[in-house]
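**Student:** Attaching a single structure in structure tokens format; questions to follow.
The values are calculated or read from the model by the stated rules, or taken from the named source; none is laboratory data. What you see is a predicted model; the values in this text were computed from it and never measured. In this analysis, Cβ positions are derived from the backbone assuming ideal geometry, glycine residues included, and neighbour counts consider all displayed protein chains.
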Amino acid sequence: MNPIYALWSHPRSMSTAMERVMRERGDLDCAHEPFMYDYYVARQIRVMPHFKVQPGHPVSYSAIRDQLLVRAKARPVFIKDMSYYVMPHILSDAGFAARLVNCFLIRDPLAAILSYFKLDPDVTLDEIGLEAQWLQYQALAERGPAPSVITAEDIRRNPRVAMAALWARLGLPYSEVAFDWQKQKPKDWEQVSGWHADVMASTSIRPIDADETVALQAQFDEMAAAQPRMKDYLAHHRPFYERLRSVALTV
């Protein structure tokens, strides 16, 4: 049976760009947030904006899991998903957990929250996602080797060095072709195209700007004046981000 590589992220963390890198490798069967169907369709936690439900896609946690296991019979699988979609019930699914090679992607929550509110001002505290990531990471680390954690900022500063470090931890060979996005846009991105316009129009990871932090802080403060929940969400999730950042790969 082939491995299933799972990237657990939080929304607006650059995870779709990371998924594009993994897709361009060409040696993985990639799935885009399959478990969002359980969270938003099967359990109907809330209505997700900019989400076109695809007919025939499995919607329950168990059906999604089983489909991934079937796909892994043919070739290695990579999934990009959110921790809050699957927590806490994935922790009691020992058989599936044993099949996963886990890693975590995090981004400064100020930037992530600002980006999310621009697209969906009704976002919930749970959907910011960093608390669920920390709880999942902590549970995995208590049961066995701690999963790898990598920051979006490190990837943007030096994509090749950062991804080489992560691939080495995951047991994947280095792939230079992964950084030049020449293939057609993935069809399964169409269901959530409203969330991924930037990365769909890109041909590589966007470099980090030296003045970006200051600009993002100013934008956050301006938007938070009208949306005070942004500051509450940031105060809640930043401690979980800092805990994850403290164990991130040194790039």
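**Student:** For segment 5-14, check the following and say yes or no: at least one residue is assigned to a helix (DSSP H, G or I) and of a type outside the set (Gly, Ala, Ser).
**Tutor:** Scanning segment 5-14, I find no residue that is assigned to a helix (DSSP H, G or I) and of a type outside the set (Gly, Ala, Ser), so the answer is no.
**Student:** Now, a different point. Out of VAL86, VAL101, VAL59, VAL77, I need the residue that is surrounded by 15 or more Cβ atoms within 10 Å (Cβ to Cβ) and free of Cβ contacts under 8 Å to residues at least 24 places away in the same chain. Which one?
**Tutor:** VAL59
**Student:** Go over the candidates ALA164, ALA168, ALA112 one by one and state the one that is touching a residue at least 12 places away in the same chain (Cβ under 8 Å), in a helix (DSSP H, G or I) and small (Gly, Ala, Ser).
**Tutor:** ALA112
**Student:** Of the conditions (1) part of a loop (DSSP other than H, G, I, E, B); (2) farther than 24 Å from ILE155 by Cα; (3) among the charged types (D, E, K, R), ASP38 clears all except one; give me its number.
**Tutor:** Just one mismatch for ASP38, condition (1).
**Student:** Does ARG20 satisfy the condition of being within 12 Å of the chain's Cα centre (by Cα), basic (Lys, Arg) and in a loop (DSSP other than H, G, I, E, B)?
**Tutor:** No.
**Student:** Identify, by number, the condition in (1) surrounded by 18 or more Cβ atoms within 10 Å (Cβ to Cβ); (2) of a type outside the set (A, V, I, L, M, F, W, C); (3) farther than 21 Å from ARG243 by Cβ that GLU131 doesn't meet.
**Tutor:** (3)
**Student:** Can you tell me which residues in segment 123-161 are among the acidic types (Asp, Glu) and either without any contact (Cβ under 8 Å) to a residue 24 or more places away in the chain or under 21 Å from VAL77 (Cα atoms) (or both)? Step through it out loud before you land on a result.
**Tutor:** Initial filter on segment 123-161 (among the acidic types (Asp, Glu)): 126-127, 131, 142, 153-154.
Within segment 123-161, just GLU142 meets the criteria.
**Student:** Inspect segment 220-233 for any residue being closer than 11 Å to ILE128 by Cβ, within 19 Å of the chain's Cα centre (by Cα) and of a type outside the set (A, V, I, L, M, F, W, C) and give the result as yes or no.
**Tutor:** yes
**Student:** Follow-up. Out of everything in segment 44-56 that is under 20 Å from the mean Cα position of the chain (by Cα) and either among the β-branched types (Val, Ile, Thr) or under 26 Å from LEU91 (Cβ atoms) (or both), what residue ends up being surrounded by the fewest Cβ atoms within 10 Å (Cβ to Cβ)?
**Tutor:** Applying the filter and picking the extreme gives VAL47.
**Student:** Check segment 49-60 and report whether any residue there is at pLDDT 95 or above, among the small types (Gly, Ala, Ser) and assigned to a helix (DSSP H, G or I).
**Tutor:** No, segment 49-60 has no match at all.
**Student:** What single numbered condition from (1) modelled with pLDDT of 85 or more; (2) surrounded by 14 or more Cβ atoms within 10 Å (Cβ to Cβ); (3) in contact with a helix residue (DSSP H, G or I) (Cβ under 6 Å, 6 or more places away or on another chain) fails to hold for ALA164?
**Tutor:** (3)
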